[in-house]
Amino acid sequence: MPMSIPAEPVLDASPGPHRFARRSWPPQPLAVLALAGSVATYVSLVSPLAPGHYPTCPFLMVTGWYCPGCGSLRALHELVHREIWSAIGYNLFAVVMVPLLAYWWLRWVRRRSLATGPAPLAAAWLGWLLLASLVVFWIVRNLPIGAALAP
Amino acid sequence: MSYGYPAPPPGPYGPPPPPPNHMVMAILTTVACCLPFGIVSLVYANKVNTLWQTGRYAEAAEASNNAKTWWIVSIVATAAVAIVWLGVLISFGGRVANPY
């Protein structure tokens, strides 16, 4: 989709600039920001700390083990209420991902506004490191020694 | 299948543009969807980078499709769980003992 944008003015040369304007509005990053904001607002108002507001994690319910995402709703709730240490206590991984996702979002906005092509791929080992740390986090939070990482 | 073939005509700037690796959706569905399907998506997202950087463009595109499929599976599964939970909640009038 973003790749087709540079071709737009040529395709829409006859109808005038209006279709081009409509095509690039609303910008996807703004829609994503609005969605993220709504989710954060909802989770901060309807507290996941009280039982019965959200379904229990199906993986936890079936296996009795925590999944890597267990506690992320409570962590998000605590983050919005600026209780960072409490958020870390619920899900360290989710809290670490927030600035990373924010960075990706900013980079996305920049690439779209400069109308450059798809982003170059990051070094592959970075992604594998991320995956490895996620799996380690998943295992350790289910062990007695990893109680601090459990939600 | 098309392994070893120089995929789409390389533009003036060298290799074809990298396929989307769906890393963001893989992470989001891993952290937010409570089901391990996001991990599968994350594995494929990483394969996109690895394969593309070693010049295996067709396989990278395939991994990209798989990464997308699995984060969608994760969202659909989570939505299904939420709908079932909502149904239970409604039929029991909110008197659910939630084993938090």
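The values are calculated or read from the model by the stated rules, or taken from the named source; none is laboratory data. In this text the structure is predicted, and so the values were computed from the model without any measurement. For neighbour counting, all protein chains shown are included, and Cβ atoms are generated from backbone atoms with ideal geometry for every residue, glycine included.
Among the residues of segment A:86-106, just one is free of Cβ contacts under 8 Å to residues at least 40 places away in the same chain, within 10 Å of chain B (Cβ to nearest Cβ) and either among the aromatic types (Phe, Trp, Tyr) or in contact with a Cys (Cβ under 9 Å, 6 or more places away or on another chain) (or both), namely A:Trp104.
Looking across A:Val43, A:Val95, A:Val135, one residue alone is in a helix (DSSP H, G or I), exposed (fewer than 15 other Cβ atoms within 10 Å of the Cβ) and of a type in the set (A, V, I, L, M). It is A:Val135. Of all residues in segment A:90-104, those satisfying the criterion of being more than 13 Å from A:Gly69 (Cα to Cα) and over 9 Å from the mean Cα position of the chain (by Cα) are A:Pro99, A:Tyr103, A:Trp104. Note on segment A:138-151: residues that are surrounded by fewer than 17 Cβ atoms within 10 Å (Cβ to Cβ) and part of a helix (DSSP H, G or I) amount to 7. When A:Pro118 is tested against (1) within 11 Å of another protein chain (Cβ to nearest Cβ); (2) under 18 Å from the mean Cα position of the chain (by Cα); (3) surrounded by 13 or more Cβ atoms within 10 Å (Cβ to Cβ), exactly one condition is not met: (2). Against the conditions (1) outside any helix (DSSP H, G or I); (2) away from chain B (no Cβ under 13 Å), A:Arg110 satisfies every one except (1). Within segment B:9-35, residues that are under 24 Å from B:Ala79 (Cβ atoms) sit with their Cβ atoms under 7 Å from residues that are at pLDDT below 90 and assigned to a loop (DSSP other than H, G, I, E, B), at 6+ positions apart or across chains, in these pairs: B:Pro20/A:Pro118; B:Asn21/A:Leu121; B:Cys34/A:Cys57.
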